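The structure appears right after this line, and notes come after that.
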Amino acid sequence: MNVVVRREAPESAAADALVVGLHVDEKRWPPSLIALDRRAGGQIKAVLEAEKFSAKVGQVTHIHTPALASPRLVVAGLGPRTGFVAETLRRAAAGALRRARDLGARTVAVEVFGLRLSDRERAHAVVEGAILGSYTFDRYKREKSDKLVEELRVLAPDRKAAREVEAGARRGEVFGLATWFARDLVNAPANEVHPNHLASVAEEVASEAGLTLRVYDRSECERMGMGAFLGVAAGSEQPPRFIHLSYVPARPRRRVAVIGKGITFDAGGLDLKTAEGMLRMKDDMSGAAAVLGVMRALPKLAPPVEVHGLIAATENMPSGTAFRPGDVLRAMNGTTIEIGNTDAEGRLTLADALCYARENVKPDERIDLATLTGACVVALGPQCSGLFSNDRGLARRLLGAAETAGERVWQLPLIDEYREGLKSEVADINNVGQRGGGAITAALFLKEFAGDTPWAHLDIAGPAFTERDTPLAPKGGTGVAVRTLLAYLTAST
Ligand code: BES
Ligand code: ZN
Ligand code: ZN
């Protein structure tokens, strides 16, 4: 979808469809809607009244009228004036764009509607919502939908607003398309998206975005001592890859490592999952997909922060060469790990990635994103990520970024007493803990490798994938955490 900003009033915008917004209980309509209605001979008012359109958030209706410059008018409900936030706009724009698309519109003009918030914020939210809400994935279908919005025209009332709208629209476009990119990777099946595929995607991203890339193969990882990562990779026919992408601006203020869990398929290993438990496990590289989406977007946003994207990519498969329950693996920092369960593999790959970051990147902060535990889904449900951190400031800033992005994140505690459960008879640590609090013990395991420099862990096991259509994402991979991270890395603090 192409996004352009036009200095134009809604009445004169000539697109296939025009989208306008309306709040609940508007005593007086906004002037643009009054003008449109006058032109349409009162048809808009008549239809809204006949349909009892109440303008609830997400509610959408439309009118066909050749009297307007745009022959289809889509009205998006914006809910009540109080409680109006950016997320309201995203959802309204998402619903409206889907409607315009389904009506066959190829060009859609949209007002930067709503109250409060700055022009820039509203333009960002409208464009982001429009892009997120109109995502589809039909790569493997013979029949492709021919209904596609090709151009989104964002309308700005005057020259001053146009500059702000332009800035916001560009950001919204980058955030939205970065999320699409991550969704595509998650939705593609594991027979295509294997570790080497992730490496070649990283290569494309690097050359397209002008990033530096280093990819390590199995023997190089062996030389670096990544015994935990390679233990997980041992059972797979697909060779593992360790991916390191870097975005280095001219005068960076700080250096951040973002680490994405990159299990391209999690069968569980010898502790094999059930058929039902395995069904969705192509999404176990959602953290890696988010990291790739973020890295690709960074040069377009140009924050003064050096960012390193790290992915330890492998499958987790059962076979004669697979690692076994009871095995002892040695991580890059020398820590030995007893394998209590081969299905707790994400933390093993992340352990070595955390060590690698410390040694080779020496970042001020490390942030990992991982579909790490079913327990986190039990704790917070399918729409919320769990946040763990050894640093209050980092946690607070990430929560703020998530709020700005409209992604749900809730901080969970690192309860030191539960470290007991990870004790091993034969090694320094076990990869699984006691029963109960599984998201916490997984985070405590990672903390062991994070040491005492600022680190945060986002358990995205729930929201990485949605089983039903939601306002901003259809069924499938959601690209969660891309927007939170972009908001975080581009925030001025
Ligand atoms: N990839 C899974 C976590 C997961 C489960 C993500 C369900 C999304 C939905 C992870 O590797 C895993 O298998 N974790 C185990 C850990 C257990 C063996 C301690 C789990 O959560 O059951
Ligand atoms: Zn697993
Ligand atoms: Zn996993």
Any idea which of Ser385, Ser389 is of a type outside the set (D, E, K, R) and away from ligand 1 (no atom under 15 Å from the Cβ)?
Ser389
Take Leu301 and decide whether it is open to solvent by 10 Å² or more (accessible area, probe 1.4 Å) and in contact with a Leu (Cβ under 8 Å, 6 or more places away or on another chain).
yes
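Look through Leu329, Leu348 and report the one residue that is within 29 Å of the chain's Cα centre (by Cα), within 16 Å of ligand 2 (Cβ to nearest atom) and under 14 Å from Val432 (Cβ atoms).
Details: Leu329 fails: within 29 Å of the chain's Cα centre (by Cα).
That would be Leu348, the only listed residue that is within 29 Å of the chain's Cα centre (by Cα), within 16 Å of ligand 2 (Cβ to nearest atom) and under 14 Å from Val432 (Cβ atoms).
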Which of the residues spanning the stretch 352-410 are among the aliphatic types (A, V, I, L, M), open to solvent by less than 30 Å² (accessible area, probe 1.4 Å) and more than 16 Å from ligand 3 (Cβ to nearest atom)?
Leu354, Ala357, Val361, Ile367, Leu387, Leu394, Ala395, Leu398, Ala401, Ala402, Ala405, Val409
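Taking the condition open to solvent by 10 Å² or more (accessible area, probe 1.4 Å), touching a Gly at 6+ places or on another chain (Cβ under 7 Å), away from ligand 3 (no atom under 16 Å from the Cβ) and touching a residue at least 40 places away in the same chain (Cβ under 8 Å), does Thr321 pass?
Working: open to solvent by 10 Å² or more (accessible area, probe 1.4 Å): yes; touching a Gly at 6+ places or on another chain (Cβ under 7 Å): yes; away from ligand 3 (no atom under 16 Å from the Cβ): yes; touching a residue at least 40 places away in the same chain (Cβ under 8 Å): yes.
Considered against the rule, which asks whether it is open to solvent by 10 Å² or more (accessible area, probe 1.4 Å), touching a Gly at 6+ places or on another chain (Cβ under 7 Å), away from ligand 3 (no atom under 16 Å from the Cβ) and touching a residue at least 40 places away in the same chain (Cβ under 8 Å), Thr321 comes out as yes.
Among the residues of the stretch 238-259, is there at least one that is within 24 Å of Phe137 (Cα to Cα), within 20 Å of the chain's Cα centre (by Cα) and surrounded by 24 or more Cβ atoms within 10 Å (Cβ to Cβ)?
Applying the first criterion (within 24 Å of Phe137 (Cα to Cα)) to the stretch 238-259 yields none.
Within the stretch 238-259 (the criterion being within 24 Å of Phe137 (Cα to Cα), within 20 Å of the chain's Cα centre (by Cα) and surrounded by 24 or more Cβ atoms within 10 Å (Cβ to Cβ)), the answer is no, since none of the residues qualifies.
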Please go through the stretch 272-284 and pick out each residue that is within 10 Å of ligand 1 (Cβ to nearest atom) and either among the basic types (Lys, Arg) or crowded, with 19+ Cβ neighbours inside 10 Å (or both).
Lys273, Arg280, Met281, Asp283, Asp284
Does Gly334 qualify as being away from ligand 3 (no atom under 12 Å from the Cβ) and more than 30 Å from Gly479 (Cβ to Cβ)?
yes
Among the residues of the stretch 227-242, the number that are out of contact with any helix residue (DSSP H, G or I) (no Cβ under 7 Å at 6 or more places or on another chain), in a loop (DSSP other than H, G, I, E, B) and away from ligand 2 (no atom under 16 Å from the Cβ) is 1
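Being open to solvent by less than 50 Å² (accessible area, probe 1.4 Å) and either within 25 Å of Ala275 (Cβ to Cβ) or in contact (Cβ under 8 Å) with a residue 24 or more places away in the chain (or both) narrows it down to one of Arg347, Arg330, so name that one.
Arg347
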Between a first residue in the stretch 196-207 that is farther than 11 Å from Ile311 by Cβ and a second residue that is part of a helix (DSSP H, G or I), which pairs have beta carbons less than 7 Å apart while being 6 or more apart in sequence or on different chains?
Val205/Leu292; Val205/Met295; Val205/Arg296
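Could you say which residue among Ala167, Ala178, Ala182, Ala125 is open to solvent by less than 60 Å² (accessible area, probe 1.4 Å), closer than 22 Å to Leu18 by Cβ and assigned to a helix (DSSP H, G or I)?
Values: Ala167 fails: closer than 22 Å to Leu18 by Cβ; Ala178 fails: closer than 22 Å to Leu18 by Cβ; Ala182 fails: closer than 22 Å to Leu18 by Cβ.
Within the list Ala167, Ala178, Ala182, Ala125, the selection yields Ala125.
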Filter the stretch 370-407 for residues that are away from ligand 2 (no atom under 16 Å from the Cβ), of a type in the set (A, V, I, L, M) and in contact (Cβ under 8 Å) with a residue 60 or more places away in the chain and give the result.
Ala379, Leu380, Leu387, Leu394, Ala395, Leu398, Ala401, Ala402, Ala405
Just for the stretch 46-64: of the residues that are crowded, with 17+ Cβ neighbours inside 10 Å and out of contact with any Ser or Thr (no Cβ under 8 Å at 6 or more places or on another chain), which one is farthest from Leu115 (Cα to Cα)?
Ile63
Pairs under 8 Å by beta carbon, first residue at pLDDT 95 or above in the stretch 284-312, partner within 16 Å of ligand 1 (Cβ to nearest atom) and among the aromatic types (Phe, Trp, Tyr), six or more apart or different chains?
Asp284/Phe265; Ser286/Phe465; Ala312/Phe229
Only one of Arg91, Arg153, Arg101 is open to solvent by 70 Å² or more (accessible area, probe 1.4 Å), within 24 Å of Ala178 (Cβ to Cβ) and either among the hydroxyl-bearing types (Ser, Thr, Tyr) or modelled with pLDDT of 95 or more (or both), namely Arg91
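The values are calculated or read from the model by the stated rules, or taken from the named source; none is laboratory data. Just so it is clear, the structure is predicted and the values come from calculations on it, not from any experiment. All Cβ positions, glycine included, derive from the backbone under ideal geometry; neighbour counts span all protein chains shown. Side chains included, ligands, DNA and RNA excluded: accessible areas come from the protein's heavy atoms. Shrake-Rupley method; radii C 1.70, N 1.55, O 1.52, S 1.80 Å.
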